[in-house]
Amino acid sequence: MSISALNIRKTFGSYTALSGVDLHVQSGRLVALLGPSGSGKTTLLRIIAGLEYADAGSGRIQFHGEDVTDVPAGKRKVGFVFQHYALFRHMTVFENVAFGLRVRRRRDRPSKSDIADRVNRLLKLVQLESLGGRYPSQLSGGQRQRIALARALAVEPKVLLLDEPFGALDAKVRKELRRWLRKLHEEVHLTTIFVTHDQEEALEIADEVVIMNQAKVEQVGTPQQVYDRPSSPFVYQFLGNVNVFREQSLALAGNGVYARPGRLVEDGLVYVRPHDIAIARHETGADGIPAILRYVHAAGPQARLTLEQVQNRELVEAEISRVELEHLGLKLNDLVLLRLRQARSFEQDYAI
Amino acid sequence: MAGPATSLAGKPARTGAGTPRVIRNPLWVRVVFMTVALLFLGCFLLLPLAAVFAEALRKGVGAYFHSFADPDVHSAIWLTLLTAAIAVPANLVFGVAAAWCIAKYDFRGKSLLVTFIDLPFAVSPVISGLIYMLIFGLQGWLGPYLGSGDHPWFGEWFNQQDIKIVFAVPGIVLATIFVTFPFVARELIPLMQTQGNDEEYAALTLGASGWQTFWRVTLPNIKWGLFYGVILCNARAMGEFGAVSVISGKIRGETTTMPLQVEILYNENNSVAAFAVASLLALLALVTLVLKSFIEWRHAQTRPSA
């Protein structure tokens, strides 16, 4: 089932959470809504779920072309998973998962044994079949979130909405669970939107990433598209580390060869990822931006170097392999030359 | 005596989370504080309580039980139970409704409502009684329209009903409701606020109606807090003196509740009977305390972590 949100506006008092946002999600996709806190991503998700309403007179929500703007949350057939699980604390895991079936009207309600069957099937799907009799407080965070997912799936939703589903978990569990979610998505193939502020998470498991900032959608694309071709400085900076060079420093270093020619604007800023910076030992006459090595952080597969530009004393971060680092044989405070393999600048937006 | 012996560091082995050494005080400080606390407790709480029972039983068990044979005492007990039976459920419904509004929704004037809920705690009970006199009394604002008579505002039927509020049971009930107003709401508001709305939202997305959400999710989550609020409310409803004393008119056998009956009997130098009735109220207090501890214990049991 595809999801469309058209021109959604939402204000809380004088605060604008969403200013005319459009979103289209194709059927069966796994889409990440990515953005910093306060960008409006959770509000958009809650409006899609029907837990929040867009401002009167603003846009519509459509599921598979059908308008559901005025349909209450309980009738939209959405599965919603909350950041803090929101499991019913006084019910066992089994009762939690069965809840959505038990509250149905008598003629729609499955029989007792059907409910038990379905709940057990779901507990198996989330790999927690032995924990049906436990209470939520007896489970770990990762287990709770999987139960929350099973509970949401029990009502056979048409779309699955997850609000920062792994936000409250520690790093290792988070990584495991997001791979598991990806696998689950391939099994059940439900149109899924999940909200996250973790770019790594979004890029790793989503088919499509929607990047939001300040109540607007900044860019939509596959993880590779948004990472390789960010459409704005914000997206560039939000997806991974980035160095910002003033154009003058580049001009001084050479004839603009270090950035894509023709894209530079006067007084513009040039964005370079740390792994797109090559480092060479300093030789007089050679091309490059002179810099001094200030700090080496070599834990992990890549070495992260902090360098200070000689020209303007601004700091630059570069990432090279540890083999390369050894090969260069650098010491702290050595003078080196920086070369930019790939750089990007953006036309300044003069519109007010 | 449970637990392992003293460890090498000289830290006393205590069960559970023993007080860390750094924040423990010298022995003499602890002894002094403990003695002061126990003396205070003994003089101001235990001694009076013991005195109530001692006085009540001064002339023997027979005289004690004989005190309850008095029809006025019967009617006082009956009236107290009746008042509590009306006031407690009324405040239960009000308290849940108010806590629900305040904890789950944002609206204009919310803080004003919270302040008003506390009003009965801030006002002296005597004033509460006087307020009702002022409103419903014969010389009051609404009083003249309530008794039988010929008033243009109301229809013929209403004028013939002869509704009595002041110096009658309805007044006592109203004053009691007013005084015990905050107990349930006060208990539930912080509880519901910490629990947040997520579980209700979850129930909603799973297709539950508002009514189902309330009975299956909200109410089970607050049941111990609610029970706690209700027993405190009940204790106060049965023990209320000031407000009821003003509005009841203390008509013997008709508008005296137990606390008023105690005063009447004592003023008549019938101290055994006075203390016998008082001992019932004291017993009620003890039962309340036991229930309260039980609820606190249960509450800690049902929420191991969360």
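The values are calculated or read from the model by the stated rules, or taken from the named source; none is laboratory data. Predicted model, so just to flag it, every value in this text is computed and none were measured. A quick note on method: Cβ atoms are made from the backbone with ideal geometry, for glycine too, and the neighbour counts reach across all protein chains shown.
Residues in segment B:272-279: is at least one modelled with pLDDT of 90 or more and over 18 Å from residue B:74 (Cβ atoms)? No, segment B:272-279 contains no residue that is modelled with pLDDT of 90 or more and over 18 Å from residue B:74 (Cβ atoms). Just to be sure before I move on: is residue B:262 surrounded by 17 or more Cβ atoms within 10 Å (Cβ to Cβ), out of contact with any Pro (no Cβ under 9 Å at 6 or more places or on another chain), assigned by TED's automatic domain parsing to the domain that holds residue B:134 and assigned to a helix (DSSP H, G or I) in the structure I sent? The answer is yes for residue B:262. One residue stands out among those in segment B:266-305 that are within 14 Å of chain A (Cβ to nearest Cβ) and either of a type in the set (S, T, N, Q) or loosely packed, with under 12 Cβ neighbours inside 10 Å (or both): the one that is nearest to residue A:91 (Cα to Cα), which is B:302.
Comparison of A:291, A:253 shows that the only residue that is surrounded by 12 or more Cβ atoms within 10 Å (Cβ to Cβ), more than 24 Å from residue A:227 (Cβ to Cβ) and at pLDDT below 85 is A:253. Looking only at residues in segment A:26-83 that are of a type in the set (Ser, Thr, Tyr) and under 23 Å from the mean Cα position of the chain (by Cα), which one is surrounded by the most Cβ atoms within 10 Å (Cβ to Cβ)? It comes out as A:39.
Among residues of segment B:41-98 being under 30 Å from residue B:178 (Cα atoms) and hydroxyl-bearing (Ser, Thr, Tyr), the one that is surrounded by the most Cβ atoms within 10 Å (Cβ to Cβ) is B:80. Scanning segment B:250-296 for residues being among the aromatic types (Phe, Trp, Tyr) and under 26 Å from residue B:184 (Cβ atoms) gives a total of 1. Flag not set for residue B:174, criterion: in a helix (DSSP H, G or I), within 19 Å of residue B:98 (Cβ to Cβ), within 10 Å of chain A (Cβ to nearest Cβ) and aliphatic (A, V, I, L, M). Apart from one condition, residue B:215 fits all of (1) within 22 Å of residue B:95 (Cα to Cα); (2) surrounded by 19 or more Cβ atoms within 10 Å (Cβ to Cβ); (3) of a type outside the set (D, E, K, R); (4) under 26 Å from the mean Cα position of the chain (by Cα); the exception is (2). Return yes when residue A:166 is crowded, with 16+ Cβ neighbours inside 10 Å and either under 15 Å from residue B:203 (Cα atoms) or within 13 Å of chain B (Cβ to nearest Cβ) (or both) and no when it is not. Judged against the criteria, residue A:166 is not a match. Scanning segment A:58-89 for residues that are in a strand (DSSP E or B) and either of a type outside the set (Val, Ile, Thr) or within 12 Å of chain B (Cβ to nearest Cβ) (or both) yields A:60, A:62, A:63, A:66, A:67, A:78, A:79, A:80, A:81. Do you know which of the residues in segment A:2-29 that are polar (S, T, N, Q) and in a loop (DSSP other than H, G, I, E, B) is nearest to the other protein chains (Cβ to nearest Cβ)? Restricting to residues being polar (S, T, N, Q) and in a loop (DSSP other than H, G, I, E, B), the top hit is A:14.
Give segment A:108-125 a look and list any residue that's away from every other protein chain (no Cβ under 14 Å) and either among the aromatic types (Phe, Trp, Tyr) or without any contact (Cβ under 8 Å) to a residue 40 or more places away in the chain (or both), or say none. Result: A:111, A:112, A:113, A:114, A:116, A:117, A:120, A:121, A:123, A:124.
Does segment B:211-224 contain at least one residue that is aromatic (Phe, Trp, Tyr), in contact with a Ser or Thr (Cβ under 9 Å, 6 or more places away or on another chain) and part of a helix (DSSP H, G or I)? Yes, segment B:211-224 contains a residue that is aromatic (Phe, Trp, Tyr), in contact with a Ser or Thr (Cβ under 9 Å, 6 or more places away or on another chain) and part of a helix (DSSP H, G or I). Figure legend. Inter-residue proximity from segment A:1-20: first residues under 13 Å from residue A:212 (Cα atoms), second residues among the β-branched types (Val, Ile, Thr), beta-carbon distance below 7 Å, spacing 6+ or different chains. Indicated pairs: A:17/A:11; A:17/A:43; A:18/A:8; A:18/A:43. Taking the numbered list (1) out of contact with any Phe, Trp or Tyr (no Cβ under 9 Å at 6 or more places or on another chain); (2) closer than 27 Å to residue A:240 by Cα; (3) at pLDDT 90 or above in turn, residue A:37 passes all entries but (3). Among the numbered conditions (1) over 28 Å from the mean Cα position of the chain (by Cα); (2) within 13 Å of chain B (Cβ to nearest Cβ); (3) without any contact (Cβ under 8 Å) to a residue 40 or more places away in the chain; (4) within 22 Å of residue A:188 (Cα to Cα), the only one that residue A:96 does not meet is (3). Among the residues of segment A:219-233, write down those that are surrounded by fewer than 20 Cβ atoms within 10 Å (Cβ to Cβ), in a helix (DSSP H, G or I) and without any contact (Cβ under 8 Å) to a residue 40 or more places away in the chain. The answer is A:223, A:224, A:225, A:227, A:228.
Every listed requirement among (1) crowded, with 22+ Cβ neighbours inside 10 Å; (2) modelled with pLDDT under 90 is met by residue B:238 save one, (2).
Among the residues of segment A:30-57, write down those that are of a type in the set (Gly, Ala, Ser) and not in a helix (DSSP H, G or I). Matches in segment A:30-57: A:32, A:35, A:37, A:38, A:39, A:40, A:50, A:54, A:56, A:57. The residues of segment A:32-57 that are within 14 Å of another protein chain (Cβ to nearest Cβ), of a type in the set (Gly, Ala, Ser) and without any contact (Cβ under 8 Å) to a residue 40 or more places away in the chain amount to a single one, A:50.
The rows are residues; the columns are (1) away from every other protein chain (no Cβ under 14 Å); (2) more than 30 Å from residue A:73 (Cα to Cα); (3) aromatic (Phe, Trp, Tyr).
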{"site": "B:169", "(1), (2), (3)": "yes, yes, no"}
{"site": "B:183", "(1), (2), (3)": "yes, yes, yes"}
{"site": "B:195", "(1), (2), (3)": "no, no, no"}
{"site": "B:230", "(1), (2), (3)": "yes, yes, no"}
{"site": "B:242", "(1), (2), (3)": "yes, yes, no"}
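Using the structure shown, decide if residue B:235 is away from chain A (no Cβ under 14 Å), touching a residue at least 60 places away in the same chain (Cβ under 8 Å), of a type in the set (Gly, Ala, Ser) and over 30 Å from residue A:158 (Cα atoms). Here the answer is no, as residue B:235 does not meet what is asked.
So if I check each of B:90, B:98, B:76, which one is of a type outside the set (D, E, K, R) and more than 18 Å from the chain's Cα centre (by Cα)? Unique residue meeting the criteria: B:76. Contact map, segment A:189-200: residues that are touching a residue at least 40 places away in the same chain (Cβ under 8 Å) paired with residues that are among the aromatic types (Phe, Trp, Tyr), Cβ distance under 7 Å, separation 6+ or inter-chain. Pairs shown: A:199/A:238. Here residue A:103 meets each of (1) facing chain B (nearest Cβ under 7 Å); (2) over 18 Å from residue A:141 (Cα atoms); (3) touching a residue at least 40 places away in the same chain (Cβ under 8 Å) with one exception, condition (3).
Restricting the search to helices (runs of 4 or more DSSP H) fully inside segment A:109-213 and requiring at least 2 residues that are within 19 Å of residue A:30 (Cα to Cα) gives A:141-154, A:171-188, A:199-205.
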